[in-house]
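Trainee: Supplied in structure tokens, the structure appears directly below.
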């Protein structure tokens, strides 16, 4: 494919002083889906399945990513685009180490953090408590958490319409929840941060702030992956873009070129 | 397709070599046991904060709130008093049967909830697991910490019941502390085992009630443990008397109930302590290693 030569050359030239953070080597991801209960769910049947170690009969395999390879470097922000079901989110989860590749391998520097829309924290607890717990779960010390907590709540903007930080998270709108989650995850310096549509839920003001935050993370030598259907937000934050279609890498290169091709195709 | 075989056209190294040269590791790899334990220790603040938050939120939908921590065991005891003390009114030859029964029920509940909630320690926290990287063993440990706080509440209620039914306070009461610590270690191990199995076998939750019901009848909670020796062949009675929950129940009765010892405790104190330590060490260590071996699988699928 003609598309391939240019980015490959690009990467090789750039490799001269740059440190790779994510190396994806010919990765295939196949995962299983439960089609839901189709009978045979009685305790006796369940016991039988446990004893015989067989899977429930209602599982289907999906070959979601088919032989994708690329190398990401420190300080890069990479957009992932493609139509629904093209394997973008699956690829991110493989990079995060949450889905094992069936073939090939993913190598990462440090532990990538995946930030998705449905990465729920504890819905019964107040926003403040979620901030503390989230930070502790990212490995911060209690002193650090105390220092950063007000900043995080400030950044998320959940207190703009009254004191929401002390209310349980289940009372938040979906946008507020997503903003708080993004604020928590981005409070720490990550070597690799994977963002899956998480910025799409915020309002315009928040989107601008979070794009700024992504740039800061990138500048502090991290690598950021951004999955989004909003081409404009990818153009704003990423200088490199990978286009996936039906699990196959279609194009990899500078954002403008790839986005133009993607939009031209539609 | 150019993108499959090609690595770095410039230098001729494969992608795997490039990754190795820069010290990249395979995504989601499981750390060695010692490093894993060290990491887990670094997360102790997370575990205590999380368990406190869970206790705080567990009754957040009720009007009486935290009061239920005391009310639940009290109501439990009241029901047993109603059935066994008033309606059936038979003590099955055990003096102070109510206290004997309540000790059994409270100690059994501690391990029962460990087994039950252990199965959802991973599946109930998938959001957290998929978003953040931390040693997953922190989750089953948190489950045990929450239950331990609830156990302390029911122990206060139990002490009240035991004193109210006319038992004297003896020096043996001090033994309840090491007994509960040993049971907690056993429970952590059990929770980890259940968490790993429960993360794979989603049907386990449906089967657990049956297993636990059987365990209840095999632990001498609702009747005197001596019954096993009277009714069962020798080997079966010995096997049942080595059952960990029964061991911990007997230890608690030995510590708290002056009227039950020695007539209604089946094993000697030495045998009980030996078994209690053995079970705690075996499950504590075994459960931890078993859980660690599955570390990279949690949250997948």
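Trainee: Looking only at region B:14-41, count how many residues are within 9 Å of chain A (Cβ to nearest Cβ) and touching a residue at least 24 places away in the same chain (Cβ under 8 Å).
Mentor: 3
Trainee: Residues that are away from chain B (no Cβ under 14 Å) and either at pLDDT below 85 or in contact with a strand residue (DSSP E or B) (Cβ under 6 Å, 6 or more places away or on another chain) (or both): list the strands (runs of 3 or more DSSP E) wholly contained in region A:221-266 that include at least 1 such residues.
Mentor: Result: A:223-227, A:240-245.
Trainee: Within region A:66-103, which residues are more than 8 Å from chain B (Cβ to nearest Cβ), farther than 18 Å from residue A:245 by Cβ and in a loop (DSSP other than H, G, I, E, B)?
Mentor: Matches in region A:66-103: A:74, A:75, A:76, A:101, A:102.
Trainee: Do any residues in region A:141-168 that are outside the structural domain of residue A:209 (by TED's automatic domain parsing) and over 15 Å from residue A:183 (Cα atoms) have Cβ atoms under 6 Å from those of residues that are at pLDDT 90 or above and surrounded by 12 or more Cβ atoms within 10 Å (Cβ to Cβ), where the two are at least six apart or on different chains, and which pairs are they?
Mentor: A:142/B:45
Trainee: Quick check on residue B:263: is it crowded, with 22+ Cβ neighbours inside 10 Å and either at pLDDT 85 or above or away from every other protein chain (no Cβ under 14 Å) (or both)?
Mentor: Taking the combined requirement at face value, the residue does not satisfy it.
Trainee: Whether any residue in region B:282-293 is farther than 20 Å from residue B:111 by Cα, surrounded by 15 or more Cβ atoms within 10 Å (Cβ to Cβ) and under 22 Å from the mean Cα position of the chain (by Cα) is what I want to check.
Mentor: So far as region B:282-293 goes, yes, one or more of its residues are farther than 20 Å from residue B:111 by Cα, surrounded by 15 or more Cβ atoms within 10 Å (Cβ to Cβ) and under 22 Å from the mean Cα position of the chain (by Cα).
Trainee: Just checking, does region B:196-206 include any residue being without any contact (Cβ under 8 Å) to a residue 24 or more places away in the chain, touching a helix residue (DSSP H, G or I) at 6+ places or on another chain (Cβ under 7 Å) and not in a loop (DSSP other than H, G, I, E, B)? Break it down into steps so the answer makes sense when it comes.
Mentor: In the first step, residues of region B:196-206 are kept if they are without any contact (Cβ under 8 Å) to a residue 24 or more places away in the chain; the result is B:201, B:203, B:206.
Adding the requirement that they be touching a helix residue (DSSP H, G or I) at 6+ places or on another chain (Cβ under 7 Å) leaves B:201, B:203, B:206.
In the following step, the residues that additionally are not in a loop (DSSP other than H, G, I, E, B) were identified as B:206.
Yes; the residues of region B:196-206 include at least one that is without any contact (Cβ under 8 Å) to a residue 24 or more places away in the chain, touching a helix residue (DSSP H, G or I) at 6+ places or on another chain (Cβ under 7 Å) and not in a loop (DSSP other than H, G, I, E, B).
Trainee: Still on this structure, please answer the following. Which one of these does residue A:185 not meet: (1) more than 10 Å from chain B (Cβ to nearest Cβ); (2) within 22 Å of residue A:218 (Cα to Cα)?
Mentor: Of the numbered conditions (1) more than 10 Å from chain B (Cβ to nearest Cβ); (2) within 22 Å of residue A:218 (Cα to Cα), the odd one out for residue A:185 is (1).
Trainee: Scanning for something closer than 17 Å to residue B:133 by Cα, part of a loop (DSSP other than H, G, I, E, B) and more than 12 Å from every other protein chain (Cβ to nearest Cβ), does region A:146-166 turn up at least one residue?
Mentor: no
Trainee: Return the residues of region B:31-60 that are surrounded by fewer than 15 Cβ atoms within 10 Å (Cβ to Cβ) and in a loop (DSSP other than H, G, I, E, B); say none if nothing qualifies.
Mentor: B:32, B:60
Trainee: What residue, of B:152, B:71, is surrounded by fewer than 18 Cβ atoms within 10 Å (Cβ to Cβ), free of Cβ contacts under 8 Å to residues at least 12 places away in the same chain and within 16 Å of the chain's Cα centre (by Cα)? Steps first, please.
Mentor: On the way: B:71 fails: within 16 Å of the chain's Cα centre (by Cα).
Just a single option satisfies the conditions, and that option is B:152.
Trainee: Could you list, in sequence order, the residues of region A:104-142 that are farther than 24 Å from residue A:210 by Cα and more than 10 Å from every other protein chain (Cβ to nearest Cβ)?
Mentor: Passing the criteria: none in range.
Trainee: Search region B:42-62 for residues that are free of Cβ contacts under 8 Å to residues at least 12 places away in the same chain and facing chain A (nearest Cβ under 7 Å) and pair each with any residue that is assigned to a helix (DSSP H, G or I) and surrounded by 16 or more Cβ atoms within 10 Å (Cβ to Cβ) when their beta-carbon atoms are under 7 Å apart and the residues are at least 6 apart or on different chains.
Mentor: B:45/A:136; B:49/A:132; B:49/A:133; B:49/A:136; B:53/A:129; B:53/A:133
Trainee: Based on what the data block shows, is residue A:209 touching a residue at least 40 places away in the same chain (Cβ under 8 Å) and either more than 11 Å from chain B (Cβ to nearest Cβ) or surrounded by fewer than 15 Cβ atoms within 10 Å (Cβ to Cβ) (or both)? Can you show your working first?
Mentor: Numbers: touching a residue at least 40 places away in the same chain (Cβ under 8 Å): yes; either more than 11 Å from chain B (Cβ to nearest Cβ) or surrounded by fewer than 15 Cβ atoms within 10 Å (Cβ to Cβ) (or both): yes.
Taking the combined requirement at face value, the residue satisfies it.
The values are calculated or read from the model by the stated rules, or taken from the named source; none is laboratory data. Only a predicted model underlies this, so the values are computations on that prediction, with no experimental measurement involved. Don't worry about glycine lacking a Cβ; one is built from the backbone with ideal geometry, like all the others, and counts go over all protein chains shown.
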